[in-house]
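Below is one structure, written out as structure tokens; comments come after it.
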There are 2 protein chains.
Amino acid sequence: MQSLSSKLLEKAVEQFALLPGVGKKTALKYVLFMLKKKPEEVNSFLQSLQDLKNNIRECPQCHNISDNNLCEICSDPKRDNSVICVVESIKDIMAIEATSQYHGLYHILGGIISPMEGIGPADLHISSLLERAEKPEVKEIIFALSATIEGDTTGYYIYKKLKNKESLTITTIAKGISIGNDLEYTDELTLGRSILHRVSYTGN
Amino acid sequence: MQSLSSKLLEKAVEQFALLPGVGKKTALKYVLFMLKKKPEEVNSFLQSLQDLKNNIRECPQCHNISDNNLCEICSDPKRDNSVICVVESIKDIMAIEATSQYHGLYHILGGIISPMEGIGPADLHISSLLERAEKPEVKEIIFALSATIEGDTTGYYIYKKLKNKESLTITTIAKGISIGNDLEYTDELTLGRSILHRVSYTGN
């Protein structure tokens, strides 16, 4: 990267280049864009990030981010509080919410059991999940975890802690071939699981 | 885009999505990254942009950005002040500086003559260029403008204003096939120009 002939510019580019997937060239594009903006536009950019950082909280129930005490999902009376969907991170909540297919509550683990990265059960929000599962209204726990060894391990660890609770149904999201995918190009593991976990045909 | 279940988050994502080439999804990635950072890290990000915006100036000579009065290039005694390279924007200076092949000064026009976008000569830093060209030490003006109709028009407009000054050489950067490009895949216009503007063969 060439010298930018301005220390101020260089510093701002360095900071933007910290963003995930952003190199020096993209960072420079962003900074030059900001440089052309009116001061009040740059201020609202800065303010939005500052407000977020200063005022955002963690929902004490599901560990989602929240503007108030309980998050919007936990405090929504229209959501079905008998089902808890267990996910790794807030991104997974967003992905599931985007489907509009789920109307229950969530529980964010904040990660996944991974001996390789030194993440054990104690590092995750598992005990608070077990507490929530004790509530009489909770009837089902759905695991929506990655289809990886770590995801399976995490699910199995929590399953062992919960399986004695008779009133509780424990499920996991279906794993199979993606909608629109050619059978031919589906990997063997996925295809194998799809056959094992076949469901009755309803014509849809 | 799904609801983000937090107004603060939504606002920050909206602001990041204003950056060029950044959609809501990438903006969300950036914001979640910032959310995980320590407060002091976010502060240095914010501060760098604020400092840049508050303290950056325009070089009164070449219109480059500058931390002080004259920019780093104009104030560098090692640069050759007999040559001025005329460019459209600061990005072009960076591109040329990256080649390490040029050691003269620059002049940023701040755009290019474009009747389509309503940009005329009066909107560009042309009069200050003409003033600079009057200085006795200036011997050559190089046009490093886009190889487009607008670039050619802009160059020709300035050329007409300068051509009566006998002591001044006016040049333009070479246009031809790119290094490493196959002749076969070079467009006809470029190839045609390359033949017209052929140079004597030196074996390099």
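With the biggest extent put first, the Cα atoms of the protein assembly as shown measure 97, 50, 41 Å across the principal axes. Of all aspartates and glutamates in the structure, those lying under 18 Å Cα to Cα from A:K25, and not within fewer than 8 positions of it along the same chain, are A:E10, A:E14, B:D92, B:E97. Once Lys and Arg get +1 and Asp and Glu get -1 on their Cβ, which of A:S114, A:L70, A:V31 lies farthest toward the positive end of the dipole of chain A? Farthest along the dipole direction, towards plus: A:V31. Comparing Cα centroids, region A:31-67 and region B:142-204 end up 47 angstrom apart. Classification of region B:55-178 by its C-alpha gyration tensor yields a rounded form. The axis ratio a/c (a ≥ b ≥ c) stays under 1.5.
When Rg and the Kirkwood Rh are both derived from Cα coordinates, the Rg/Rh ratio for region A:112-204 amounts to 1.04.
Taking 19 Å as the limit for the C-alpha separation, the pairs A:K7/A:K29; A:K78/B:K36; A:K7/B:K139; A:K24/B:K175 exceed it in the case of A:K78/B:K36; A:K7/B:K139; A:K24/B:K175.
Against the main long axis of the alpha-carbon atoms of chain B, helix B:7-16 sits at an angle near 10°. Dividing the helix sum by the residues of chain B, where each DSSP H run of 4 or more adds -39500 (n - 2.57), gives a mean residue ellipticity at 222 nm of -12000 deg cm²/dmol.
Give the relative contact order (percent, whole number) for chain B; include only Cα pairs under 8 Å separated by 6+ residues. All intermediate terms of the calculation are to be shown ahead of the outcome.
Details: 211 pairs, mean separation 24.8, N = 204.
Reported as a whole number, the value is 12 percent.
Taking amide hydrogens as placed 1.01 Å from N in the peptide plane, the amide H of A:T169 sits under 5 Å from those of A:E140, A:I141, each at least 5 positions away in sequence or on another chain. For chain B, the longest principal axis of the C-alpha atoms and the axis of helix B:24-36 are separated by about 60°.
Charges were assigned to the Cβ only: +1 to each Lys and Arg, -1 to each Asp and Glu. The resulting dipole of region B:75-173 about its Cα centre is roughly 260 debye.
Counted residue by residue at 0.36 nm each, then reduced by the alpha carbon distance between them, the extension gain from B:L191 to B:K37 reaches 50.3 nm.
What residues have an amide H closer than 5 Å to that of A:R79, excluding those fewer than 5 places away on the same chain, when H is modeled at 1.01 Å from N in the peptide plane? The list, which skips near neighbours in sequence, is empty: none. Dipole size of region A:7-55 about its Cα centre, with +1 on Lys/Arg Cβ and -1 on Asp/Glu Cβ: approximately 240 debye, rounded to the nearest 20. Springs join every pair of Cα atoms under 10 Å in this Gaussian network model of chain B, and among B:T154, B:T99, B:T171 the largest mean-square fluctuation is at B:T99. For A:L145, nonlocal amide neighbours, meaning residues 5 or more places apart or on other chains whose placed amide H falls under 5 Å from its own, are A:I173.
Remark: region B:182-189, residue by residue, has Karplus-estimated 3J(HN,Hα) of 6, 4, 3, 9, 7, 5, 4, 4 Hz, where x stands for each Gly or Pro and the curve is 6.51 cos²θ - 1.76 cosθ + 1.60 at θ = phi - 60°. Reducing region A:115-133 and region B:123-138 to their Cα centroids gives an inter-centroid distance of 68 Å.
Write down the percent of antiparallel bridges among all DSSP beta bridges whose residues are both part of chain A, to the nearest 5.
Values: 3 of 16 bridges.
Around 20 percent of the beta bridges assigned by DSSP in chain A are antiparallel ones.
Where a ≥ b ≥ c are the square roots of the eigenvalues of the C-alpha gyration tensor, would you call region B:33-89 rounded, which needs a/c under 1.5, or, failing that, prolate if a/b is larger than b/c, or oblate? Cα axes put region B:33-89 in the prolate bin.
Its alpha carbons give region B:7-55 an Rg and a Dmax of 11.5, 32 Å.
Take the Cβ-Cβ distance between A:K163 and A:D76 as r, set R0 to 41 Å, and report the resulting FRET efficiency rounded to the nearest 0.05. Display every interim value, and only then the final one.
On the way: r = 29 Å, r/R0 = 0.72.
Between A:K163 and A:D76 the formula returns 0.90.
Every number in this text was worked out from the coordinates using simple rules, so none of it is lab data. All of these numbers come straight from a predicted model, not from anything done at the bench. Using ideal geometry, Cβ is built from the backbone for each residue, glycine included, and neighbour counts are taken over all protein chains shown.
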